[in-house]
Each structure stands twice: as structure tokens, then as C-alpha cells.
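Q: There's a structure below that I have some questions on.
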Amino acid sequence: MNLLLVEPSELAPDGTCVLRDRRREHLIRVLDVAVGSKVRAGVIGGRLGSAEVLAVDPAQLTLRLALDEPASTPLPVELILAMPRPKVLSRVIEIAASFGVTRIDLTNAWRVDKGYLTSPRLAADALAAAARLGAEQGATTHLPAIAMHARLMDLVDARWPREAPDTSNLKIIAHPKAEALESIAHAHGAMQGAMDPIVLAIGPEGGWIQREVDTFVARGFRAVSLGAPILRVEAAVAAMLGQILLVRRLADRAR
């Protein structure tokens with residue numbers, strides 16, 4: 001936990017907050033806080049600052065928050081993710097949330113095991129808990145919106161109609177045999193300016209089938225490669241988002 005996150009409803013008018021859940025346990029057992037200790041803190045969807053421990057009681061921890069910094073800036077990336085194996089789903093959500101992505105669309109795909117779609121890990125509270133853990137790790141007050149789609153085509157058709165492909169922002173689909181991300185991002189920026197929000201589509205362990213790739217390309221997506229390694233979904237998400245961060249920083253520096 002690199003950032004203590006509290007709900008707006010947990011914050012009293014005087015700035016105090018009482019914790020009785022896993023956050024209390026983590027602060028005491030892992031961070032070894034005591035009265036007077038200060039930790040980084042923030043309000044979900046709101047400002048950042050610090051929290052001072054006022055009291056440590058057997059069943060609760062009382063803190064006072066000083067929120068003197070602006071809210072975290074999310075990474076302007078919308079992630080489309082073919083439903084991964086349930087046992088790694090939470091980890092993938094955590095990784096994406098730690099980067100501060102704005103949105104995660106989970107979707108069915110041809111090579112997704114249909115049994116994955118009934119996993120209890122897809123419950124709204126399970127997804128929200130994973131996103132929150134990721135935000136705590138990434139030290140961001142932003143939590144991504146998360147949605148589940150039973151059919152990939154319904155998602156694609158609703159957001160990017162074939163009749164009017166949107167080329168104003170950068171849309172990319174991970175594919176092992178494609179151009180490097182930095183080449184495509186540079187060309188897009190040179191031709192059209194702003195890249196944001198970047199839409200990133202990552203397939204299942206077996207990859208997208210060609211028809212799915214063609215569907216994305218018809219909507220203005222560009223296929224990009226991470227290079228020679230063939231990665232698991234969780235590694236691909238982290239690697240792609242890390243590369244996007246780097247490309248955006250280099251683009252900002254060049255302006």
C-alpha cells in the first residue's frame with residue numbers, strides 16, 4: 001500500500017476518518033504506524049495529501065487527513081481486454097489500475113474459454129476491490145470504470161461504427177507480428193497531433209483470431225508489437241502500459 005485510499009463518505013467534516021478493515025490491519029502490521037505517524041493518503045476520485053494517526057484502538061484506527069494536493073491525473077488510456085483466466089483476472093485489473101487507466105472493458109473473444117464468463121471474480125465488488133488495490137499500489141486516487149461485454153462485436157460496433165471510423169486519437173491492438181509502438185505513435189502524432197485518449201486492445205492468451213484483428217483495423221486500430229517475446233496477458237498489460245507511458249513522456253518532452 002503506497003497510498004491510503006478512503007471513500008468520500010468515510011471522511012468526517014473535521015477531516016477525520018475511522019478505519020476498521022484491512023487498511024487498519026495493513027497500517028498497523030505492515031507499516032507499523034503509531035499515534036503521530038503520517039502516511040500518504042487520498043480520497044477516491046479526489047485530492048491527495050497525508051493522514052496522521054490520532055488513535056490506535058483494539059478494533060479501529062483514527063486518522064486526520066490533510067488533503068493539500070490536487071487529485072491524481074489518470075493515464076488517458078482505455079483498455080479493452082479479452083477476458084483472461086479467472087485466477088489472473090484480479091491481478092490484471094490491479095496492474096491496469098496501478099497505471100491509472102481511465103477505463104477497462106472486459107470482453108468475450110473467440111479464444112476465451114466461455115466458462116470464464118461466469119467466474120465470481122467478475123462480480124462488481126470483486127472487480128472494484130482489485131481496482132482499489134491497484135490504485136493503492138500505484139498511488140493514484142483515480143479508479144477506472146470497468147464494464148463486461150458478452151460479445152466483442154457489440155462493444156466494437158457501439159463505440160466505433162464501421163461507417164464512421166474515428167481517427168482523431170490513437171487506437172492500437174497488441175499483435176506479435178506488427179510494427180513497434182513507438183513508430184506508430186510517432187507517425188500518428190506527426191499526422192494528427194494529439195494521441196489521447198489512447199485505446200489499447202489486448203487479446204486472450206491464445207491471441208486474437210484474424211477476423212477479430214480485421215474488425216479492429218476496420219475501426220481505425222493499428223496493430224502494434226512489443227517485440228520478440230510472447231507474453232502472458234498480465235505481463236503484456238504491464239509492458240504495453242509502460243511503453244505507452246514512455247512514448248507519451250517522450251512526446252511531451254519533444255514539444
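Q: Could you tell me whether any residue of the stretch 81-93 is in a strand (DSSP E or B) and of a type outside the set (Asp, Glu)?
A: yes
Q: I would also like to ask the following. Please go through the stretch 33-60 and give me each residue that is touching a helix residue (DSSP H, G or I) at 6+ places or on another chain (Cβ under 8 Å) and either crowded, with 18+ Cβ neighbours inside 10 Å or under 25 Å from ALA128 (Cα atoms) (or both), ordered by number.
A: Across the stretch 33-60, the qualifying residues are VAL33, VAL39, VAL43, ILE44, GLY45, GLY46, VAL53, GLN60.
Q: Could you check the stretch 172-197 and list, in sequence order, the residues that are β-branched (Val, Ile, Thr), modelled with pLDDT of 70 or more and either under 17 Å from LEU246 (Cα atoms) or more than 22 Å from the chain's Cα centre (by Cα) (or both)?
A: ILE172, the sole residue that qualifies.
Q: On to the next question. Quick one: count up the residues across the stretch 204-236 that are within 22 Å of the chain's Cα centre (by Cα) and hydroxyl-bearing (Ser, Thr, Tyr).
A: 1
The values are calculated or read from the model by the stated rules, or taken from the named source; none is laboratory data. The structure displayed is predicted, hence computed values, not measured ones. Backbone-built Cβ (ideal geometry, glycine too); neighbour counts: all protein chains shown.
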